[in-house]
Amino acid sequence: MPPKISIYNDYTTLSQAAANQVIALLRQKPTAVICLPSGSTPLGLFQELVAAHISGETDFTKCTFIGLDEWIGLGANDDGSCRDLLDKDFLLPIGFREDQITFFDGLAKDPQTECERVNDAIAKAGGLDLIILGVGMNGHLALNEPGTAFDTYAHVSELDTITKEVGQKYFNQATELKLGITVGIRHILEAKKAILIASGKAKAPVIQRALSLPVTTDFPASILQEHSDSEFILDKEAGELLQ
């Protein structure tokens, strides 16, 4: 089924639209399993969800969260780590319980065992009800870089040069990034619903390629063309090259 494409006037309205999907899901299924990204793109979404929590419009106490990815070599207490950002931007403001979230530990001595731990947690939870994704300039989804096989579950990823460069924006000083640990493309495909959010002119050619290219591991975001229920939630600038 081709992805649904929803284009909004600006970042604020796209964030509201994405938040409304999460709120609707929790209304329908309070115990939903939701895989969350960190970083700059979902900030607006998180602000909307925190506001919904404060107003009592939504209740996160019964749901399960899965972290999308993490930089190898960084832990939850390291400034700029994916867990650090997600804690500050969303989890702490909603008063989450630690037992509600499974998140990759970038400091784990055995990253492969860490991958298996997250795979098992997702399987035991009954799979992902919703996965929320951004998209990299090279088409990566989570830290599934170009060339990643589509049948992968959680795995260690060798970071693309573009990812290493763009990732620096989350740190106050130059930080060496070589490897990531991430949910796999197969997790994305098996999620009941996948939402990709993107904003700004820089993402317009990325979105165009994701939706128009033949599906290829060279551009991981293209796999969403084959998802059973995926949606691109964009602002006008990110969607400007779509017909």
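Nothing in this text is a laboratory measurement; each read-out follows from the coordinates by a stated rule. Just so it is clear, the structure is predicted and the values come from calculations on it, not from any experiment. As a convention, Cβ positions derive from the backbone with ideal geometry for all residues, glycine included, and neighbour counts pool all protein chains shown.
List of remarks:
- Each Cα pair under 8 Å and six or more residues apart adds its sequence gap; the mean of these over the residue count of segment 186-233 is a relative contact order of 50 percent.
- Long-range amide H partners of Phe232 with built H, under 5 Å: Lys4, Ile5, Ser6, Leu196
- For the chain, the relative contact order is 26 percent, taking Cα pairs closer than 8 Å that sit 6 or more residues apart in sequence and dividing their mean separation by the residue count.
- Dipole check for the chain: with +1 at the C-beta of Lys and Arg, -1 at the C-beta of Asp and Glu, and the Cα centre as origin, the magnitude is about 500 Debye.
- Gyration tensor verdict on segment 13-140 (Cα atoms; rounded if a/c is under 1.5, prolate if a/b is larger than b/c, oblate otherwise): prolate
- Distance violations [Cα-Cα > 19 Å] among Lys109/Lys169; Lys124/Lys178; Lys88/Lys178; Lys4/Lys192; Lys192/Lys236; Lys164/Lys201: Lys109/Lys169; Lys124/Lys178; Lys88/Lys178; Lys192/Lys236; Lys164/Lys201
- Simple spin-label estimate for Asn172 and Asp79 gives 0.2 nm between the two label positions (7 Å along the Cα-to-Cβ direction from each Cα).
- With neighbours defined as other Cβ atoms within 10 Å of a residue's Cβ, the residues Leu25, Leu86 order from fewest to most as Leu25, Leu86.
- Alpha-carbon centroids, segment 165-216 and segment 1-72: separation in whole Å: 17 Å
- Ranking of Arg97, Arg209 by neighbouring Cβ atoms within 10 Å, starting from the fewest: Arg97, Arg209.
- The trypsin sites (Lys or Arg not before Pro) of segment 131-180 that meet both conditions, a loop assignment by DSSP and at most 12 other Cβ atoms within 10 Å of the site Cβ, are Lys178.
- Straight Cα distances below 20 angstrom link Lys203 to the aspartates and glutamates Asp10, Glu145, Asp160, Glu165, Asp218, Glu231, Asp235, Glu237, Glu240, with same-chain residues fewer than 8 positions distant left out.
- If you look at the Cα atoms of the chain, you get an Rg and a Dmax of 16.5, 48 Å.
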